[in-house]
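One structure below.
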Amino acid sequence: MDLNKEGSPEHTLFAEKVDNIRHICSIDGSKEMVMHVGELDQNQVNTISSIVENQMGNIGVSKNIVKKIFNISIETLQNICFHAERDNNGNQMTYFIIGKKENEFTIYSGNLLPNESAEKLSKRLQRLKALNEADLKKEYLEVLSNGELSQKGGAGLGFITIAMKSNNNISFDFQRVNSQLSLFTMKAVVTG
């Protein structure tokens with residue numbers, strides 16, 4: 001996907017989000033460790049997750065932090081791969097960026113989803129955000145034992161895992177881009 005090419009309102013908003021993250025990284029002294037923008041399929045999920053693991057190992061990050069970042073990355077990438085919608089021109093607009101500043105890693109992600117899904121997901125994430133560590137573990141076990149699978153396979157375990165692995169240091173936003181779609185953005189922070 002060419003972020004420099006003017007396009008639909010969805011493309012413009014998407015490009016602004018990616019540019020803003022890159023700007024934030026540049027002014028706060030963060031280093032982009034991993035960046036993927038555009039179409040995302042299962043092969044790319046596998047490649048990106050390997051890159052994440054190798055990058056973390058190359059800079060000497062502890063195994064515990066590597067595991068947290070890797071798990072968040074896998075869950076985030078899988079969510080995007082399975083649930084990202086295409087815009088009216090058939091483009092799958094997604095991004096996945098990991099920035100590092102000192103001992104803090106920030107995982108940014110974004111994708112389009114239907115407005116109805118955005119409303120439901122927002123409520124679910126707000127509820128998860130309010131839970132403490134013990135309640136997150138309880139929620140995880142509950143969903144694992146009697147979770148209802150969605151049409152695309154998930155029961156919401158991915159977002160619970162992301163919340164658990166980041167010590168619930170997540171933030172998210174839903175920005176309506178047209179009458180059918182919203183841009184879902186999420187940020188998870190791991191300190192180690």
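The values are calculated or read from the model by the stated rules, or taken from the named source; none is laboratory data. The shown structure was predicted, so the numbers you read here are calculated from the model rather than taken from an experiment. Positions of Cβ are backbone-derived with ideal geometry, glycine not excepted, and every protein chain shown enters the neighbour counts.
For the range 169-187, how many residues are surrounded by 19 or more Cβ atoms within 10 Å (Cβ to Cβ) and part of a loop (DSSP other than H, G, I, E, B)?
Adding up the residues that qualify gives 1.
What do you reckon, is residue 122 within 15 Å of the chain's Cα centre (by Cα), over 29 Å from residue 60 (Cα atoms) and in a helix (DSSP H, G or I)? Talk me through it step by step, then tell me what you get.
Working: within 15 Å of the chain's Cα centre (by Cα): yes; over 29 Å from residue 60 (Cα atoms): yes; in a helix (DSSP H, G or I): yes.
Yes: the conditions hold for residue 122.
Of all residues in the range 68-106, which are among the hydrophobic types (A, V, I, L, M, F, W, C) and either surrounded by fewer than 22 Cβ atoms within 10 Å (Cβ to Cβ) or under 18 Å from residue 19 (Cβ atoms) (or both)? Working first, answer last.
Filtering the range 68-106 for residues among the hydrophobic types (A, V, I, L, M, F, W, C) gives 69-70, 72, 74, 77, 80-82, 84, 93, 96-98, 105.
70, 74, 81, 82, 84, 93, 96, 97, 98, listed by residue number.
If you check 106, 12, 47, which single one turns out to be in contact (Cβ under 8 Å) with a residue 12 or more places away in the chain and of a type in the set (Ser, Thr, Tyr)? Give the derivation first.
Numbers: 12 fails: in contact (Cβ under 8 Å) with a residue 12 or more places away in the chain; 47 fails: in contact (Cβ under 8 Å) with a residue 12 or more places away in the chain.
Within the list 106, 12, 47, the selection yields 106.
Can you name the number of the only condition in (1) of a type outside the set (D, E, K, R); (2) closer than 19 Å to residue 68 by Cα; (3) modelled with pLDDT under 95; (4) surrounded by fewer than 16 Cβ atoms within 10 Å (Cβ to Cβ) that residue 158 fails?
Condition (4) is where residue 158 drops out.
When the range 15-44 is examined, which residues are found to be over 23 Å from residue 102 (Cα atoms) and without any contact (Cβ under 8 Å) to a residue 40 or more places away in the chain?
Of the residues in the range 15-44, the ones over 23 Å from residue 102 (Cα atoms) are 15-17, 37-44.
Once the filter is applied, which keeps residues that are over 23 Å from residue 102 (Cα atoms) and without any contact (Cβ under 8 Å) to a residue 40 or more places away in the chain, the range 15-44 yields 15, 16, 42, 43, 44.
Here is a list: 131, 144. Which entry is under 28 Å from residue 191 (Cβ atoms), in a helix (DSSP H, G or I) and either modelled with pLDDT of 95 or more or over 13 Å from the mean Cα position of the chain (by Cα) (or both)?
Details: 131 fails: in a helix (DSSP H, G or I).
Answer to the check: 144.
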